[in-house]
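Input: a single structure, listed below in structure tokens.
The values are calculated or read from the model by the stated rules, or taken from the named source; none is laboratory data. Predicted, not measured: the structure shown is a model, and the values here were computed from it. Because the Cβ atoms are built from the backbone with ideal geometry, glycine has one as well, and the counts that use them run over all protein chains shown.
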Amino acid sequence: MAAATDTEFAAWAASARAGVDGFLEDWWSPAGPWSRELDRQVASHLEGLRSAITYSACAPGKRIRPLVLLAAAGDEGGTAGAAVQAAAALECIHAYSLVHDDLPAMDDDDLRRGRPTSHRVHGEATAILVGDALQAEAFAMLATLDAPAHAIADLVRVLARAAGAGGMVGGQQLDVEGSPHVADVHRLKTGALLGAAARMGSVLAGHDPATQELHGHCGSELGTLFQLVDDLLDAVASSDRTGKSAGTDERRGRRTAVSTHGVAEVRSAVERQHARCRRLAQDLHPGGPRLAVICDVVRDRAG
Ligand code: IPE
Ligand code: IPE
Ligand code: MG
Ligand code: MG
Ligand code: MG
């Protein structure tokens with residue numbers, strides 16, 4: 001595919017987001033695949049939990065991770081299919097990470113995606129369980145993919161490793177400990193899931209292991225870019241713009257890229273990291289052109 005134009009990318013991204021959103025809404029709906037596995041009476045007892053899960057899983061996020069997966073897979077933005085289901089599974093892991101990240105014991109945040117956080121609406125115990133349920137169900141989504149067994153096994157392994165103690169959870173641990181190794185924190189807490197997104201797309205595209213590795217590397221570097229921008233926006237952007245409370249990292253005394261290097265240096269780091277990600281994206285096929293535009297979209301959030 002030639003370089004993606006802005007118009008072509010916008011149309012593809014809108015269709016890809018709609019596919020993932022529709023999948024998630026259906027999966028968690030009262031008549032959807034999750035509810036259908038349950039005894040009717042149990043389903044009615046669990047209506048509160050189901051609705052709390054939907055509140056977070058179907059909330060209006062940017063869906064960057066699904067877009068990376070679908071771009072890497074060469075998906076043309078259909079509404080069904082294995083790539084959309086895998087992208088929805090990844091988004092469930094991400095949604096769980098946000099619900100737990102906002103908990104009083106972690107970042108103690110009140111606002112997420114422009115709405116009160118899960119524990120603010122449903123209570124802390126339910127928010128913990130919403131995260132637990134989203135994590136388990138993500139793997140049920142992968143296990144029931146319409147794909148060859150070896151591809152499913154690869155996807156499960158990649159996502160489990162990225163979500164776990166050597167990936168996102170490990171990064172969150174370093175973050176709450178106030179680790180001075182900010183680049184490692186970024187690579188783990190955010191780079192791991194974005195690396196998994198690109199790698200999972202590459203698995204679904206049937207690439208060989210070396211090509212999957214290249215995709216994983218590009219996604220991971222994009223994750224670092226993403227978190228640099230997130231740290232910057234926490235310091236300089238309004239709550240209306242991010243849908244999250246502004247300035248919370250500084251109020252909490254968090255060690256971030258901005259607290260370590262200052263706003264001006266982080267802005268330069270964003271430019272350098274953007275150039276690095278774009279170079280890596282350009283070598284990838286067939287998703288490179290779209291991945292390159294995603295790099296631009298992430299950088300442009302910095303304003
Ligand atoms: C927020 O991720 C958590 C970070 C890794 C910074 P996003 O900014 O992708 O959140 P949503 O999904 O768009 O709400
Ligand atoms: C969280 O980083 C990354 C996750 C793994 C959820 P942040 O704590 O900076 O994310 P926000 O700013 O709350 O979205
Ligand atoms: Mg956090
Ligand atoms: Mg947070
Ligand atoms: Mg942040």
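Some values worked out for this structure:
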read-out: Enumeration of residues in segment 236-261 that are of a type in the set (A, V, I, L, M) and either surrounded by 18 or more Cβ atoms within 10 Å (Cβ to Cβ) or at pLDDT below 95 (or both); value: Ala237, Ala246, Ala257, Val258
read-out: Given (1) within 16 Å of ligand 3 (Cβ to nearest atom); (2) in a helix (DSSP H, G or I); (3) loosely packed, with under 14 Cβ neighbours inside 10 Å, index of the condition Asp175 fails; value: (3)
read-out: Checking Val185 against (1) outside any helix (DSSP H, G or I); (2) within 13 Å of ligand 5 (Cβ to nearest atom), the condition it does not meet; value: (1)
read-out: Candidates Ala198, Ala264, Ala210, Ala269 - the one that is within 16 Å of the chain's Cα centre (by Cα), modelled with pLDDT of 95 or more, more than 23 Å from Arg113 (Cα to Cα) and part of a helix (DSSP H, G or I); value: Ala198
read-out: Counted residues, segment 166-182 - those being within 15 Å of ligand 1 (Cβ to nearest atom) and either at positive phi or of a type in the set (A, V, I, L, M, F, W, C) (or both); value: 5
read-out: Residue tally, condition within 12 Å of ligand 1 (Cβ to nearest atom) and within 20 Å of Glu177 (Cβ to Cβ), over segment 107-143; value: 2
read-out: Hits in segment 124-165 (condition: within 16 Å of ligand 4 (Cβ to nearest atom) and exposed (fewer than 15 other Cβ atoms within 10 Å of the Cβ)); value: Glu124
read-out: Residue among Val258, Val293 that alone is aliphatic (A, V, I, L, M) and within 28 Å of Asp110 (Cα to Cα); value: Val258
read-out: Near pairs, Cβ below 6 angstrom, 6+ apart or cross-chain, from segment 198-218 (over 16 Å from Leu159 (Cα atoms)) to any residue that is of a type in the set (Phe, Trp, Tyr); value: none
read-out: Lone qualifier among Pro60, Pro30 - being under 14 Å from the mean Cα position of the chain (by Cα), loosely packed, with under 15 Cβ neighbours inside 10 Å and in a loop (DSSP other than H, G, I, E, B); value: Pro60
read-out: Which listed residue, of Leu103, Leu38, Leu24, Leu69, is assigned to a loop (DSSP other than H, G, I, E, B) and buried (at least 17 other Cβ atoms within 10 Å of the Cβ); value: Leu103
read-out: Residue in segment 109-118 that is surrounded by the most Cβ atoms within 10 Å (Cβ to Cβ), counting only those that are within 16 Å of ligand 3 (Cβ to nearest atom) and either part of a helix (DSSP H, G or I) or touching a residue at least 40 places away in the same chain (Cβ under 8 Å) (or both); value: Ser118
read-out: Residue under evaluation Val121, criteria (1) crowded, with 16+ Cβ neighbours inside 10 Å; (2) assigned to a helix (DSSP H, G or I), criterion not met; value: (1)
read-out: Long-range neighbours under 8 Å by Cβ, at least six apart or interchain, first residue among the polar types (S, T, N, Q) within segment 92-107, second assigned to a helix (DSSP H, G or I); value: Ser97/Gly131; Ser97/Ala163; Ser97/Met168; Ser97/Gln172; Ser97/Leu193
read-out: Index of the failed condition, Arg279 passing every other in (1) away from ligand 1 (no atom under 15 Å from the Cβ); (2) surrounded by 21 or more Cβ atoms within 10 Å (Cβ to Cβ); value: (2)
read-out: Test: residue in segment 237-250 that is under 24 Å from Thr5 (Cβ atoms), in contact with a Ser or Thr (Cβ under 6 Å, 6 or more places away or on another chain), within 16 Å of ligand 5 (Cβ to nearest atom) and assigned to a helix (DSSP H, G or I); value: no
read-out: Of residues in segment 55-87 being under 30 Å from Ala246 (Cβ atoms) and small (Gly, Ala, Ser), the one nearest to ligand 1 (Cβ to nearest atom); value: Gly61
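Okay, residues lined up against (1) without any contact (Cβ under 8 Å) to a residue 24 or more places away in the chain; (2) part of a helix (DSSP H, G or I); (3) not aromatic (Phe, Trp, Tyr):
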residue	(1), (2), (3)
Asp132	no, yes, yes
Ala138	no, yes, yes
Leu145	no, no, yes
His150	yes, yes, yes
